[in-house]
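The values are calculated or read from the model by the stated rules, or taken from the named source; none is laboratory data. A quick note: this is a predicted structure, and the numbers were derived from the prediction, not measured. A quick note on method: Cβ atoms are made from the backbone with ideal geometry, for glycine too, and the neighbour counts reach across all protein chains shown.
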Amino acid sequence: MSKTVLDDLKNLAAKTLSHASAMPKEIYTSNEILELEQEQIFSKEWICVGRETEIPKVGDFFTFQLGNQPIIILRDREQKVKAISNVCLHRMMQIVEGKGNKKTFTCPYHAWTYNLDGNLVMAKFMDRTECFDKKSLKLPQIKCEIFLGWIYVSLNENIQSVSDTLSNLYEVVSPYRMENYIDIISEEHVWNTNWKILTENFMEGYHLPVAHQGTVGPYFNVLDTEFDDRGAFDGFTYQTFTKNEDALVGTAHHRNNSLTGKWRHTSVLPTIFPSHMYSLAPDHLWYLSLQPNGTDKVNIKFGAAIAPEVLEDQDDPEQFLDETRKFLHHVQEEDRFVVEGIYKGVCSPLSNPGPLSWLERENHEFTQYIAKKLAN
Ligand code: FES
Ligand SMILES: [Fe+2]
């Protein structure tokens, strides 16, 4: 079955945008496709686990499920961010859950204990075990790289570095200094849709005036959308939205001296393939990082952060944060309504993918990325 679907996908990817439609339905619903995605995409690419600012101090950590591999992201004694396997070297129990600050990690099963480098430092009652050599035991390290404050991990030992893959994006987003933005939301959610439907939803502003009429829609003119003339790059694509200079949200604070000209009121929306996307404005950002959880569920890491000068200027920062969080959650709920509705539509017998608008240019670029990874 997948063979024909993959042929259809390949044919679709070869079309120009003006002849393109959404991807074939089976790309979203087939378990074979999901397996192929896990193998060709999620085990091989960089996956974003969050922001470096979530673990500012030595010993700060949080856990993350990377495909089938539980991992710990931590800041080690040299202040470096690191990712290590969260599976005990004894009888393979998961070592730790949640987040916090620790000097060592002790397995909840028989108390084998590991330091921040992942070295086994204590294991009781192993003195009669001849094949046991404490010094040689260390939790496997997972490839981990920081790029402008984002933490990326990969199960692929030979992957090209993030900074090389995203060098063209660096030029566009580095003047925002987003690595200094202050975290205000960091959450995990599971929604009832395929991960690609949520990615595609992020990639187009076409739905904003309609699906987001209760929040951002009224302030958004679709004709303010711009794409990079160079098209999609190998590892990412993006679009920009430029607002009026006097808009209340989405513009640079007067103390912001790194953005100039139209960039002072422009937002950049990159999608870093396969599934890290963020909306970066001069005064705030919000982001999603996705992984499939079956064909019909998506694991979401959702977060937001505010430019420090904007936060400093609030008379009542608590109220400001409260309102901002509520607003961003409301936007998310509007998106959840559509992406869960689309999954139901995709599963229905009478549905068919329809033609794309020029505003859905990135969706077609995403089709081309998926085709390259699955159908080559
Ligand atoms: S499984 Fe971790 S100490 Fe036994
Ligand atoms: Fe949306």
Looking at the structure I just gave you, is Gly345 modelled with pLDDT of 95 or more, within 24 Å of the chain's Cα centre (by Cα) and under 24 Å from Leu288 (Cα atoms)? no
Among Ala123, Ala211, which is the only one that is within 16 Å of ligand 1 (Cβ to nearest atom) and buried (at least 17 other Cβ atoms within 10 Å of the Cβ)? Ala123
Exactly one condition in (1) within 16 Å of ligand 1 (Cβ to nearest atom); (2) aromatic (Phe, Trp, Tyr); (3) more than 25 Å from Lys134 (Cβ to Cβ) is not met by Tyr109; state its number. (3)
Out of the range 214-230, which residues are within 15 Å of Glu334 (Cα to Cα), in contact (Cβ under 8 Å) with a residue 60 or more places away in the chain and surrounded by 14 or more Cβ atoms within 10 Å (Cβ to Cβ)? Thr215, Val216
Residue that is farthest from the chain's Cα centre (by Cα), among those in the range 211-248 that are of a type in the set (Ser, Thr, Tyr) and not in a strand (DSSP E or B): Tyr219
From the list Gln314, Gln319, Gln291, which residue is more than 30 Å from Leu223 (Cα to Cα), assigned by TED's automatic domain parsing to the domain that holds Glu39, away from ligand 1 (no atom under 16 Å from the Cβ) and touching a residue at least 40 places away in the same chain (Cβ under 8 Å)? Gln291
Subset of the range 140-180, residues acidic (Asp, Glu) and surrounded by 15 or more Cβ atoms within 10 Å (Cβ to Cβ), comes to Glu145, Glu179
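Conditions tested, residue by residue: (1) within 26 Å of Leu166 (Cα to Cα); (2) surrounded by fewer than 16 Cβ atoms within 10 Å (Cβ to Cβ).
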residue: Asn11; (1), (2): no, yes
residue: Lys25; (1), (2): no, no
residue: Ile41; (1), (2): yes, no
residue: Trp46; (1), (2): yes, no
residue: Gly50; (1), (2): yes, no
residue: Glu54; (1), (2): yes, no
Looking only at strands (runs of 3 or more DSSP E) that fall completely inside the range 21-86, which ones have 1 or more residues that are among the acidic types (Asp, Glu) and farther than 30 Å from Gly345 by Cβ? 60-66
Just to be sure I understand the filter: pairs with C-beta atoms under 6 Å, separated by 6 or more residues or on different chains, first member in the range 89-108 and over 18 Å from Lys57 (Cα atoms), second member among the β-branched types (Val, Ile, Thr) and assigned to a loop (DSSP other than H, G, I, E, B). Which pairs pass? Cys107/Ile95
Show the residue pairs meeting these rules: Cβ distance below 9 Å; 6+ apart or different chains; first residue within the range 127-142 and assigned by TED's automatic domain parsing to the domain that holds Ile71 and in a helix (DSSP H, G or I); second residue small (Gly, Ala, Ser) and surrounded by 12 or more Cβ atoms within 10 Å (Cβ to Cβ). Lys134/Ala123
